[in-house]
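Quick one: structure below, then a few questions.
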Amino acid sequence: MGKIAPSILSADFADLAAEVERVRPQADLLHVDVMDGHFVPVLTIGAPVVRCLRPRTDLYLDCHLMVNNPGDLLDDFAKAGADSCTVHVELGDPRPLFDRMRAHGMRVGLVHNPETPLDAVLPYLEEIDLLLFMSVNPGWGGQAFIPKVLDKVREARRIVDDRGLAVELEIDGGINTETAALAASAGADILVAGSAIFRAPDPLEAARAIRECAWPTS
């Protein structure tokens, strides 16, 4: 069975702890989108929000750093209680960042954008815990799913399995009850969903429906 990661980018920040608690029964981890207004045009949240959220939930906090200088933020996120940070391969050699994350006891994630070839992340597969596929262009919630990303997921699934690596494959962007099954069939282990969960009339039921569509229990 795979995992559901509600993205708090689409939650009501004025009542964030309650929003998280609403989806807790169907959430395996929380996805935290951090944007600096430079790497992507949008400015969102930082380590202070993670620090405030940490005492209010025991869910795993998976922090996706869409920022120009992630190395400047890793210490703050570790101290705030992040369980993992995910950095973009588009910024250059991520190995020094991996070392920093390991030193803080965090798990290591690597992400690439829809137009970035899979070859860009393959050299790092044995050094990471999580490989994140963006299935929209990063920067905004509510975008439409980009189907061609599934080809990269399938190939990564084959490579990870052939090498016997303990790397989870995560996909983020446009995940809903229609695309969840496609992503899971391609080999994704973790589905990130934001607007499809938090902007639904019943967020808990929306998360449950996405899980059922991806990994039917009957």
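Between region 104-152 and region 155-197, what is the C-alpha centre distance in whole Å?
10 Å
Quote the FRET efficiency, to the nearest 0.05, computed for Arg51 versus Arg199 with a Förster distance R0 of 22 Å and r equal to the Cβ-Cβ distance.
0.30
What distance in nm separates the simple spin-label points at Arg95 and Asp12, each placed 7 Å from Cα in the Cβ direction?
With each label point 7 Å from Cα toward Cβ, the separation is 4.8 nm.
Within the set of other residues whose C-beta is less than 14 Å from the C-beta of Asn137, count the net charge using Lys and Arg as +1 and Asp and Glu as -1.
Value of the local net charge: -3.
List the chymotrypsin sites (Phe, Trp or Tyr not before Pro) in region 119-187 that DSSP assigns to loop (not H, G, I, E or B) and whose Cβ has at most 16 other Cβ atoms within 10 Å. Which are they?
Here the chymotrypsin sites (Phe, Trp or Tyr not before Pro) that fit, given the DSSP loop and packing criteria, are Trp140.
Something else now. What is the distance, in nm, between label points placed 7 Å from the Cα along the Cα-to-Cβ direction at Leu43 and at Thr116?
Calculated label separation equals 2.4 nm.
With unit charges on the beta carbon (Lys/Arg positive, Asp/Glu negative), name the residue among Pro117, Thr217, Ser10 whose Cα is farthest towards the positive pole of the charge dipole of the chain.
So the residue we want is Thr217.
OK, next. Charges only on Cβ, +1 for Lys and Arg, -1 for Asp and Glu: so what's the dipole of the chain about the Cα centre, in debye to the nearest 20?
Value, rounded to 20: 240 debye.
I would also like to ask the following. Out of residues 5 or more away from Lys3 or on other chains, whose amide H comes under 5 Å of its own, with H placed 1.01 Å from N in the peptide plane?
Ile190, Leu191
If you don't mind, there's one more thing I want to ask. What's the extension gain from Ile159 to Trp215 if we count 0.36 nm per residue and subtract their Cα-Cα distance?
Numbers: separation 56, 0.36 × 56 = 20.16 nm, distance 2.18 nm.
Contour length minus the Cα-Cα distance gives 18.0 nm.
Taking Cα pairs under 8 Å and at least six residues apart, what relative contact order does the chain come out at, in percent? Walk me through the intermediate numbers first.
Numbers: 435 pairs, mean separation 48.0, N = 218.
In percent, rounded to a whole number, it is 22.
Since every read-out is calculated from the coordinates, none of them should be taken as a lab result. The shown structure was predicted, so the numbers you read here are calculated from the model rather than taken from an experiment. In this analysis, Cβ positions are derived from the backbone assuming ideal geometry, glycine residues included, and neighbour counts consider all displayed protein chains.
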